[in-house]
């Protein structure tokens with residue numbers, strides 16, 4: 001095993017996730033491997049619609065693209081549809097052998113590959129959320145899916161942030177076809193879509209990355225309501241402290257982002 005002991009804990013907001021927190025030494029190693037091995041080898045092959053874990057990218061870029069596609073389709077078509085999907089338990093489901101085969105096609109240096117493989121194998125299954133290497137490897141793992149959707153399925157308006165993605169198209173039937181093809185493609189990657197995956201009509205205001213098509217934080221009230229509920233459950237000894245802590249962190253993060261959005265809007 002390449003890396004030392006890690007602190008593993010679970011957060012429950014916005015959904016249950018297993019988080020791996022590394023010691024300082026391992027964080028330094030991860031940053032160096034990501035910066036000098038993974039980024040140079042993997043970033044050139046990524047599409048611009050893959051907006052996570054890169055410079056000048058992020059949730060804001062993802063929402064910007066989604067909102068632009070929404071406006072374009074609104075003008076271009078009388079009616080259109082949105083396929084909204086995400087991969088179930090994405091980080092925990094990433095297959096080590098498949099990932100390694102993908103990396104072999106991009107990294108020629110044997111020693112560099114060995115270092116990356118040791119980091120991958122430090123987790124028994126999947127990748128631990130929290131390490132920089134995990135973030136880079138995760139956005140790369142679905143790169144083949146991006147190319148498949150854009151080049152084979154010919155979806156012009158498509159955006160992905162890690163395992164969350166949207167497809168815009170004027171034909172509902174074609175999106176149904178795309179959904180089945182994507183399921184089949186992902187099954188070969190040993191991944192499966194979340195049951196919440198569905199196709200929306202254009203009249204519905206879609207939610208992507210916690211915000212609606214107008215950039216408003218759609219999840220803020222929901223998280224606030226859930227925090228109150230969890231506080232009540234905690235007082236009655238029905239849930240443990242970790243549930244409350246993760247709810248507070250999520251609520252505080254959304255509240256701060258909401259304040260920033262209001263500040264920026266007032267400055268325009």
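The values are calculated or read from the model by the stated rules, or taken from the named source; none is laboratory data. If you're wondering where the values come from, they're calculated on a predicted model, not measured in any experiment. When we count neighbours, we look across all protein chains shown, and the Cβ atoms used for this are built from the backbone with ideal geometry, even at glycine.
Before moving on, here are some points about what is shown:
- Taking the criterion of being surrounded by 14 or more Cβ atoms within 10 Å (Cβ to Cβ) and either in contact (Cβ under 8 Å) with a residue 60 or more places away in the chain or not in a helix (DSSP H, G or I) (or both), the residues of the stretch 46-61 that qualify are 46, 47, 49, 50, 51, 52, 53, 54, 57, 58, 59.
- Filter result for residue 227 (modelled with pLDDT of 70 or more, in contact with a helix residue (DSSP H, G or I) (Cβ under 9 Å, 6 or more places away or on another chain) and assigned to a helix (DSSP H, G or I)): yes
- Failed item, numbered, when residue 64 is tested on (1) under 29 Å from residue 177 (Cα atoms); (2) in contact (Cβ under 8 Å) with a residue 40 or more places away in the chain: (2)
- Of all residues in the stretch 89-96, one or more are modelled with pLDDT of 90 or more, closer than 15 Å to residue 144 by Cβ and in a loop (DSSP other than H, G, I, E, B).
- For residue 149: the one exception among (1) over 18 Å from residue 188 (Cα atoms); (2) at pLDDT 95 or above: (1)
- Residue in the stretch 103-117 that is assigned by the TED database to the domain that holds residue 30, surrounded by fewer than 16 Cβ atoms within 10 Å (Cβ to Cβ), under 28 Å from residue 177 (Cα atoms) and out of contact with any strand residue (DSSP E or B) (no Cβ under 6 Å at 6 or more places or on another chain) present: no
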